[in-house]
Amino acid sequence: MTRAMRQKNQQYGTAGGTLRRVQIGNALSAFGSGFTVPYMFVYVSTVRGLGSMTAWLVFTLFALAALVALPLAGRGIDRYGARPVLVAGAVTAAAGALAFGHASGSGHILMSAFLFGAGVAAVQPALATMIVRCSTQETRAHAFALQFTLVNLGMGIGALIGGQIVDVSRPASLTLLFSVEAVMFLVLAAVTGTIRMPAAAPAAVPASAPAAVPASAPTAGGRVAEPKSDLRTLLADKAMVRICLLAGLIFFTCYGQFESGVAAYATDVVGTSPSVLGLALGVNTLAIVVLQMIVVRITARRRRSTAIAATGVVWLGAWAAAAVAGLVSGGMVATAAMLSVYMLFGVGEALLAPTLGPIIADLAPAHLLGSYNAAFALVKQVAIAMGPAAGVLLVGAGLPAAYIAVMAGSTVLIVALALRLRTQLTAAQDNAVRRTRVVTTSVEPRLAGELRPAA
């Protein structure tokens, strides 16, 4: 083995160890979030007695905090690296969670919510950037899928334990939950703040790729001056704009409905009990944990746009099941239909996990990876914030059929936009080519065969 090959293997081994630490820290922070996420609304409105309007303002402030924090986080990642931004975001989120758990008045709780939301928002693109830096094109889909699985598993376990502690008649029990979440964010900062990130390798640009931003001329010191990270560069990337629009629709249609529109529809229209809703969330998590690695293997030889379109088809089935539940409200059939809704949502989520993150990573120029991940996270936060408004308003206005129709129509649009996205992605970005096995000889490694189109 040559010296260059040994160095390369050592670099991959270091990156793999770093990635494991990032994943562990991420899972632990998700575990902490699981303690509080299901109880945010009831904590503000009931436990602290501030009413539903203040509770909705809290969720609005989460979105506003993301609007402020994410552009700054993206620029910070591109300039200083993902690790310091992640540590700063995690510490900020910990301070916000601790303040949120001890807040009593509306002003105090709203300020804590903004601080907490800003910290969580900064953590997301930093984690995504670290995963990209610690993986290769061949391992990236698996890394993102594993992250998604661990997050869901951590949140599920946290919610299960938190449910045994919470008591709405005792504010101290909720304070304890938010304190646990704060500690877990500090653990994330400690685990990731001491790692050494592998050097960023310049991404290979396929021959079929569209023209990129011209590289700057070398400076007097021999270094290449990278173009500045600005919004114009991102908006000029038509593929990135398309994937953000598609992602916004995806997050609005599924994630934005989980604990709002679907829950309101299930309880008000179908007559589902809160205990069944808890079981449905468990079914969703179980579907993701069981299917995720299987889906990774299936999608490894498929176009990413095909996987996104398949997600739309699966979610269309989920909304059809919701319609059936509404028609036969009450009884075992309605319960089974609502459980299948959450299960099908989980199948779609498993399809997306190894797909969206790698597309963003392949689209982003190396010097703008943080900005691209921040823009994607911003779209996600805004879409999720808009989701509850649409769902609760339609169901609350006595228009459940219109709610189902809007969501079903959105899933059809997801399919159409995913298939249209193919025209904006290169074959490599869409995972439309795959490499055959590498055959080593005594002289040098060579590829056995050529690049072949994926299914």
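Identify, from the list VAL290, VAL241, the residue that is assigned by TED's automatic domain parsing to the domain that holds LEU394, without any contact (Cβ under 8 Å) to a residue 24 or more places away in the chain, surrounded by fewer than 18 Cβ atoms within 10 Å (Cβ to Cβ) and under 17 Å from PHE345 (Cα atoms). Let's see the steps before the verdict.
Working: VAL241 fails: under 17 Å from PHE345 (Cα atoms).
Among VAL290, VAL241, only VAL290 is assigned by TED's automatic domain parsing to the domain that holds LEU394, without any contact (Cβ under 8 Å) to a residue 24 or more places away in the chain, surrounded by fewer than 18 Cβ atoms within 10 Å (Cβ to Cβ) and under 17 Å from PHE345 (Cα atoms).
Return a yes/no flag: does the range 266-278 have any residue that is surrounded by fewer than 19 Cβ atoms within 10 Å (Cβ to Cβ) and on the phi > 0 side of the Ramachandran plot. Yes, some residue in the range 266-278 is surrounded by fewer than 19 Cβ atoms within 10 Å (Cβ to Cβ) and on the phi > 0 side of the Ramachandran plot.
Residues that are modelled with pLDDT under 85 and out of contact with any helix residue (DSSP H, G or I) (no Cβ under 6 Å at 6 or more places or on another chain) within the range 58-82 comprise PHE59, THR60, listed in sequence order.
Tallying residues that are more than 17 Å from PHE114 (Cα to Cα) and part of a helix (DSSP H, G or I) within the range 46-88 yields 17.
Is at least one residue of the range 98-110 more than 23 Å from TYR372 (Cα to Cα), out of contact with any Ser or Thr (no Cβ under 8 Å at 6 or more places or on another chain) and not in a helix (DSSP H, G or I)?
yes
Among the conditions (1) free of Cβ contacts under 8 Å to residues at least 40 places away in the same chain; (2) under 22 Å from the mean Cα position of the chain (by Cα), MET332 misses just one, which is (2). The residue that is modelled with the lowest pLDDT, counting only those in the range 380-401 that are under 15 Å from THR253 (Cβ atoms) and among the small types (Gly, Ala, Ser), is ALA389.
If only residues of the range 396-431 that are in contact with a helix residue (DSSP H, G or I) (Cβ under 7 Å, 6 or more places away or on another chain) and part of a loop (DSSP other than H, G, I, E, B) are counted, the one that is surrounded by the fewest Cβ atoms within 10 Å (Cβ to Cβ) is ARG422. Flag: VAL276 does not match the condition of being in contact with a Leu (Cβ under 7 Å, 6 or more places away or on another chain), among the β-branched types (Val, Ile, Thr) and at pLDDT below 90.
Of all residues in the range 153-194, those that are of a type in the set (S, T, N, Q), assigned to a helix (DSSP H, G or I) and at pLDDT below 85 total 1.
When PRO354 is tested against (1) within 29 Å of ARG75 (Cα to Cα); (2) part of a helix (DSSP H, G or I); (3) within 21 Å of the chain's Cα centre (by Cα), just one condition goes unmet, and that condition is (2). Taking the criterion of being among the β-branched types (Val, Ile, Thr) and part of a helix (DSSP H, G or I), the residues of the range 328-351 that qualify are VAL333, THR335, VAL341, VAL347.
On the stretch given as the range 247-261, residues that are part of a helix (DSSP H, G or I), surrounded by fewer than 23 Cβ atoms within 10 Å (Cβ to Cβ) and of a type in the set (Ser, Thr, Tyr) total 1.
The values are calculated or read from the model by the stated rules, or taken from the named source; none is laboratory data. Because the structure is predicted, anything quoted here is derived from the model rather than measured. Using ideal geometry, Cβ is built from the backbone for each residue, glycine included, and neighbour counts are taken over all protein chains shown.
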